[in-house]
Amino acid sequence: MFNKTMQHLGEERSVIRELFEYGNARKKIVGEDNVFDFSIGNPSVPAPDFVQDEIKRLIDTVPPEKLHGYTSAAGDPEVRKAVSDYIETKFGIPMSANLIYMTCGAAASLAIAVTALSEEGDEFVTIAPFFPEYRIYVESAGAKLVVAPSLKDFHLDLDALGRAIGKRTKAVILNSPNNPTGAVISAEELMALSSLLEKKSAEKGEPIFLLADEPYRELTYGAEVPYPMRYYHDTILCYSFSKSLSLAGERIGYVAVSPFACRKDALFSAVCGAGRRLGFVCAPALFQRVCAASLGQSTDVGEYRKNRDLLYGALTEMGYECVPPEGAFYLFVKALEPDAVAFSERAKKYELLLVPSDSFGVGGYVRISYCVSRTTIERSLPSFEKLMKDYRPRSF
Ligand code: PLP
């Protein structure tokens, strides 16, 4: 009667959403301030004032029929030009507006890019831990997700990647700064990845693409985020303003096809075709304009840095193990027992909502989203201490 795969996807709630809903129910019972919900990556720092001002300015100055009407399927030409100019000026790439497709956030950008590339029998390689929705985008496009491990510090394991990439590989999906680890891939790593992809593409006899998923590009704590198109020609960049401008609910981002990519114009046509097939045409018109005026700006990253320093410092002091995050707003902490789901369940006893790592493709960790208020972090610390005592009573 209807599509069983879709029914299953709809019924199978993500672990993150499940915890989030649990937290909301729990707050009604024990009080808002007594539940420490670290489940979801919803930006806690508000959208900057200039974003609010730009929304007001547009509403006051642009006639509604122009402001809220359809744009071209790929986006407003002026907005695409602004994005292209920004990429050219900021990263020194000779970008063209004809290679920019405005979308509804990184989720749509990824779904479009994967659909645009995917052919019968294709594989997409990604690196664990990874954003769980990759599997859905890849499988929906009829392809297979192949997962390569990362190193202990969550940086690139090139040997493992070399083994995972084969004749069927269509693209490698790379997310930096990373959700859930906070790792930022360095220029040296990108260079090495680029050499590997060139070698593998030559063996295959056609390009293997790099899909760079970059919703956290601006959220770093000192680390440089190299621009992938500068390192590898066959790159498609999936960008979003959800986190950089705290506009997650407005659903706005873009796909940028590298001007150096093989058959770039045909590839861009495939991006347009995938947008059409998936129904992601004409991204939200008002927010296309807002973002065009806010390119290169970002929300107050200093607030996330304070949260990171406070939480990382306090947890490692208590004995939790965690690699210091270089970007994004997540801590990926070793669970105190091998079963991360059991650990997350035990944490609930102390009203701590921590996402078990299994859905990110690795066991034995929990993800803590520190895009929450400072007070939530401060008030949660005694609970983290109790949880540690629960596992290691003798160390106290
Ligand atoms: N990619 C990664 C790694 C993410 O963490 C997220 C959202 O959390 C997305 C993509 C989707 O972002 P958007 O809200 O822009 O669709």
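Structure notes:
- Residues that are among the aliphatic types (A, V, I, L, M) and over 19 Å from PRO284 (Cβ atoms) within region 74-88 comprise just one, ILE87.
- Scanning region 100-144 for residues that are at negative phi and within 9 Å of the ligand (Cβ to nearest atom) gives THR103, CYS104, ALA106, ALA107, ALA108, SER109, LEU110, PHE130, PHE131, GLU133, TYR134.
- Pairs are defined by a Cβ separation below 8 Å, a sequence spacing of at least 6 or placement on different chains, a first member in region 236-263 that is among the β-branched types (Val, Ile, Thr) and open to solvent by less than 10 Å² (accessible area, probe 1.4 Å), and a second member that is assigned to a loop (DSSP other than H, G, I, E, B) and within 14 Å of the ligand (Cβ to nearest atom); the pairs so defined are ILE252/CYS104; ILE252/PHE241; ILE252/SER242; ILE252/ALA283; ILE252/PRO284.
- Residue that is exposed (fewer than 13 other Cβ atoms within 10 Å of the Cβ), of a type in the set (A, V, I, L, M) and within 30 Å of VAL355 (Cβ to Cβ), where the choices are ILE59, ILE136, ILE29, ILE40: ILE29
- Of all the criteria given as (1) of a type in the set (Val, Ile, Thr); (2) away from the ligand (no atom under 16 Å from the Cβ); (3) within 18 Å of PRO215 (Cα to Cα), the one not satisfied by VAL83 is (2).
- Taking region 150-175 as the range and being open to solvent by 10 Å² or more (accessible area, probe 1.4 Å), within 18 Å of the chain's Cα centre (by Cα) and more than 14 Å from TYR231 (Cα to Cα) as the test, the residues that pass are SER150, PHE154, HIS155, LEU156, ASN175.
- Selection within region 303-320 - surrounded by fewer than 20 Cβ atoms within 10 Å (Cβ to Cβ) and of a type outside the set (A, V, I, L, M, F, W, C): GLU303, ARG305, LYS306, ASP309, GLY313, THR316, GLU317, GLY319
- Being more than 16 Å from PHE20 (Cα to Cα) and either within 18 Å of the chain's Cα centre (by Cα) or touching a residue at least 12 places away in the same chain (Cβ under 8 Å) (or both) is a description that does not apply to VAL372.
- For region 110-139, a tally of residues being within 16 Å of VAL172 (Cβ to Cβ) and of a type in the set (S, T, N, Q) returns 2.
The values are calculated or read from the model by the stated rules, or taken from the named source; none is laboratory data. Everything numeric in this text was worked out from a predicted model, so none of it was measured. When we count neighbours, we look across all protein chains shown, and the Cβ atoms used for this are built from the backbone with ideal geometry, even at glycine. Areas reflect the complete protein model, heavy atoms only, side chains present, ligands, DNA and RNA absent. Shrake-Rupley method; radii C 1.70, N 1.55, O 1.52, S 1.80 Å.
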